[in-house]
């Protein structure tokens, strides 16, 4: 199926006072340690796969060994109970990958083998970007579905809170459990990257080119963004995707910025590595040092997934956000209220591997190439 192009990744901490709270650990501490001419790039699978997609197919066997030595792993699924059932029939071949961008305020990396600080500490760190990447069973399409960090949801064992609090309370395991309860979609794999990895990914591909639809001002960072085309370094791109204040749609506009960034990274990476295997390998080596993946996701499985996506084009990848009812407040917290009715319909299509039916009926909700 050919999908309509729409266009979401990492952001920053804007939690309200009292967001994190004191967190006991219900879930286990996880501090463990992409044309032989691929025609296009699959956006948003993970920072690692974004790079792998630009690497000639014949190089993947070598990369299995190289990447294995770089990646940090976490047991994100052990001990989880009452998980959604795996899809059956043709839909069973689909893949659902949860991508987490974290916002821990650390001067050194906290994910990947480059980590020089603990990956997670209770109450000290929230997820700043959450995206569920659905890869169609026939490998003819993929979807990157953003879950706003301020979504007011039920967190197992803690009650109602912002979605990003799950990472603070119980790390990746509780985040997976929360997303699965909210969506009814079984998560197959997980990838986590922190701010250092975000900057490294951007700079490794020579920066990114982004278009901004209208002027905005970020009062927190005192940055005025003019309308038009911008060339951004990693630090500048981080500031761009972290802004929320000064944007009419708040957290929802930030989500769109994250998606626009993902597209820009893919374009920059493909331009930088086209025909240059050596450069692609250098980028892989740098980026994978900042990525943490689930314990069960072998480099062989990653390579097989990449190979199965070799005929995918960017027009086959849709970016959109989970249906939203509106913005509001709960106590002193600004929150996002999800549209449960529309969301239930959308997630049912994801589980059935028919996301194309949802996007065909909601074209106006796909993220555009140029955002605020």
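The values are calculated or read from the model by the stated rules, or taken from the named source; none is laboratory data. Every value quoted in this text rests on a predicted model; they were computed, and no experiment measured them. When we count neighbours, we look across all protein chains shown, and the Cβ atoms used for this are built from the backbone with ideal geometry, even at glycine.
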Check on residue 67, modelled with pLDDT of 80 or more and crowded, with 23+ Cβ neighbours inside 10 Å: no
Among (1) over 30 Å from residue 325 (Cβ atoms); (2) part of a helix (DSSP H, G or I) - the single one residue 229 does not satisfy: (2)
Any hit, region 273-286, residues being under 17 Å from the mean Cα position of the chain (by Cα) and modelled with pLDDT under 80: no
Which numbered condition residue 161 fails, given (1) part of a helix (DSSP H, G or I); (2) modelled with pLDDT of 90 or more; (3) touching a strand residue (DSSP E or B) at 6+ places or on another chain (Cβ under 8 Å); (4) buried (at least 20 other Cβ atoms within 10 Å of the Cβ): (1)
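Okay, residues lined up against (1) closer than 20 Å to residue 154 by Cα; (2) under 22 Å from the mean Cα position of the chain (by Cα):
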{"position": "337", "(1), (2)": "yes, yes"}
{"position": "341", "(1), (2)": "yes, no"}
{"position": "350", "(1), (2)": "no, yes"}
{"position": "357", "(1), (2)": "no, no"}
{"position": "365", "(1), (2)": "no, yes"}
{"position": "371", "(1), (2)": "no, yes"}
So residue 241, is it crowded, with 24+ Cβ neighbours inside 10 Å, part of a helix (DSSP H, G or I) and in contact with a helix residue (DSSP H, G or I) (Cβ under 7 Å, 6 or more places away or on another chain): yes
Count - residues of region 223-235 that are within 16 Å of residue 197 (Cβ to Cβ), surrounded by fewer than 18 Cβ atoms within 10 Å (Cβ to Cβ) and in contact with a strand residue (DSSP E or B) (Cβ under 9 Å, 6 or more places away or on another chain): 1
Residues satisfying the stated conditions in region 194-218, i.e. surrounded by fewer than 20 Cβ atoms within 10 Å (Cβ to Cβ), touching a helix residue (DSSP H, G or I) at 6+ places or on another chain (Cβ under 9 Å) and assigned to a loop (DSSP other than H, G, I, E, B): 206, 207
Test for residue 188: is it more than 30 Å from residue 91 (Cα to Cα) and under 19 Å from the mean Cα position of the chain (by Cα): no
Boolean, residue 112 is at positive phi, at pLDDT below 85 and crowded, with 23+ Cβ neighbours inside 10 Å: yes
Leading residue by the ranking (farthest from residue 329 (Cα to Cα)) among those in region 124-134 that are at pLDDT below 95 and in contact with a strand residue (DSSP E or B) (Cβ under 8 Å, 6 or more places away or on another chain): 133
Any hit, region 183-193, residues being outside any strand (DSSP E or B) and either at pLDDT below 95 or over 30 Å from residue 310 (Cα atoms) (or both): no
